[in-house]
Amino acid sequence: MSIFEVIMLICFGAAWPPAVYKSYTSRTARGKSLFFLIIVLAGYVSGILHKLFCNLDWVVVLYALNGAMVMVDILLYCRNAAYDRQTLPAG
């Protein structure tokens, strides 16, 4: 475990709750990138796998919490994209 890894995960983790809240309340996918969210999720999954296979310690919990928040944001993106399709004119 590295203190710098912990600090990084805490800082990144602190950014996700406001992003999820904004996704939930805005009810639009505009301004969000599904591609970006998937890349970030892949990074967290990679960190979890590294911890499980090479260096298991409690920091895996931070990776999992951050990954869960990104997954919630992805689900909200899908919900909001459906809202956008219903409310925005085609074309």
Residues in segment 29-38 that are more than 9 Å from the chain's Cα centre (by Cα) and touching a residue at least 40 places away in the same chain (Cβ under 8 Å) total 4
- Is it the case that M69 is under 13 Å from the mean Cα position of the chain (by Cα), of a type in the set (A, V, I, L, M) and at pLDDT 95 or above? yes
Pairing a residue in segment 58-78 that is in contact (Cβ under 8 Å) with a residue 24 or more places away in the chain and more than 11 Å from I48 (Cβ to Cβ) with any residue that is of a type outside the set (F, W, Y) and surrounded by 20 or more Cβ atoms within 10 Å (Cβ to Cβ), where Cβ atoms lie under 7 Å and the two sit 6 or more apart in sequence or on different chains, gives D73/S23; L76/S23; Y77/S23
Scan segment 39-57 and give yes if some residue there is surrounded by 13 or more Cβ atoms within 10 Å (Cβ to Cβ), over 17 Å from the mean Cα position of the chain (by Cα) and either in a helix (DSSP H, G or I) or not aliphatic (A, V, I, L, M) (or both), otherwise no.
yes
Counting only residues in segment 1-38 that are in a helix (DSSP H, G or I) and of a type in the set (S, T, N, Q), the one nearest to N66 (Cα to Cα) is identified as S23
Does S26 satisfy the criteria of being surrounded by fewer than 15 Cβ atoms within 10 Å (Cβ to Cβ), in contact (Cβ under 8 Å) with a residue 12 or more places away in the chain and among the small types (G, A, S)?
-> yes
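The values are calculated or read from the model by the stated rules, or taken from the named source; none is laboratory data. Keep in mind that this is a model prediction, so the values were computed, not measured. Reconstructed Cβ throughout: ideal geometry from the backbone, glycine too, with neighbour counts over all protein chains shown.
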